[in-house]
Amino acid sequence: MTTTRLIVWRHGNTDWNAANRVQGQSDVPLNALGEQQAVDAAELLVRLRPGALISSDLRRAADTAAALAALTGLSVTRDERLRERHFGAWQGLTMAEVAETRPDEHARWKAGADVVGGGVETLDDLGKRVADALQSAADAVPAGGTVVVTTHGAAARQGVGHLLGWPREQLRTLRALQNCHWVELSHDDVRGWQLAAYNVGPFSDRPVPPPV
């Protein structure tokens, strides 16, 4: 039985992560900590011998992927379907500002429900587009190979959940991915997609920035 491995890797830290500011699809670069996290994580991921690297086209993800590309010699293919959840009017605000100025929307987000208003992407739409990109990435390597996909916190969790067929309530039991940590999934023709590992990577003692 041949098993394909899919690594779903969250980007490194940014100044907006550090400030608890909603990034969404704003194109925020890595900060110095995030650049170092990417290098340190890449030194672990290169040992998995990836056969392909796919990334969100937003800089913080693409630059994270570049750290692994430098070690593998592989080029990075960008896929805009791997972008973070679009947070509409929230983007650029801190979570404290969202809670103060858009309390009803914030309460629904905190409860794990779709946000009504503000132009925030629905969880189902997010999960479907990211899962489609993850499946395409897995198809980019021969059966039995490994592919690394660099994406974002909310995108990773929702996309993985959609790929696994998990209900929203089950998905909420997973804590947010730390910066530059990853999910490992495996796939074979008998068992389909399975979760092999979650929130793996360096800096396990660091606080968890929100997946936005």
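Here are a few things to note about the model shown:
- Sole residue being open to solvent by 10 Å² or more (accessible area, probe 1.4 Å) and either modelled with pLDDT of 95 or more or in contact with a Cys (Cβ under 6 Å, 6 or more places away or on another chain) (or both), chosen from A176, A154: A154
- Test: residue in region 165-172 that is basic (K, R), modelled with pLDDT under 95 and farther than 19 Å from A65 by Cβ: yes
- Filter result for R83 (among the basic types (K, R) and over 26 Å from Q37 (Cβ atoms)): no
Quick grid of which residues meet (1) in contact with a Ser or Thr (Cβ under 7 Å, 6 or more places away or on another chain); (2) over 21 Å from D125 (Cα atoms); (3) surrounded by 19 or more Cβ atoms within 10 Å (Cβ to Cβ):
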{"site": "N13", "(1), (2), (3)": "no, yes, yes"}
{"site": "R21", "(1), (2), (3)": "yes, yes, yes"}
{"site": "A38", "(1), (2), (3)": "yes, yes, yes"}
{"site": "E43", "(1), (2), (3)": "no, yes, no"}
{"site": "V46", "(1), (2), (3)": "yes, yes, no"}
{"site": "D63", "(1), (2), (3)": "no, yes, yes"}
{"site": "Q91", "(1), (2), (3)": "yes, no, yes"}
{"site": "P103", "(1), (2), (3)": "no, yes, no"}
{"site": "A107", "(1), (2), (3)": "no, no, no"}
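- One residue from V147, V141 being modelled with pLDDT under 95 and surrounded by 16 or more Cβ atoms within 10 Å (Cβ to Cβ): V141
- Residues considered: V116, V120. Of these, the only one that is out of contact with any Pro (no Cβ under 6 Å at 6 or more places or on another chain), buried (at least 17 other Cβ atoms within 10 Å of the Cβ) and without any contact (Cβ under 8 Å) to a residue 60 or more places away in the chain is V120.
- Residue match in region 126-138 (condition: at pLDDT 95 or above, surrounded by 17 or more Cβ atoms within 10 Å (Cβ to Cβ) and outside any helix (DSSP H, G or I)): no
- Residues of region 65-89 satisfying the condition of being over 21 Å from N20 (Cα atoms), open to solvent by 10 Å² or more (accessible area, probe 1.4 Å) and in a helix (DSSP H, G or I): A66, A67, A69, A70, L71, T72, E80, R81
The values are calculated or read from the model by the stated rules, or taken from the named source; none is laboratory data. Quick caveat: nothing in here was measured; it's all calculated off a predicted structure. So basically every Cβ, Gly included, is an ideal-geometry build from the backbone, and we count neighbours across all protein chains shown. Each accessible area value is taken on the protein alone, full model and side chains, heavy atoms only, with ligands, DNA and RNA left out. Shrake-Rupley method; radii C 1.70, N 1.55, O 1.52, S 1.80 Å.
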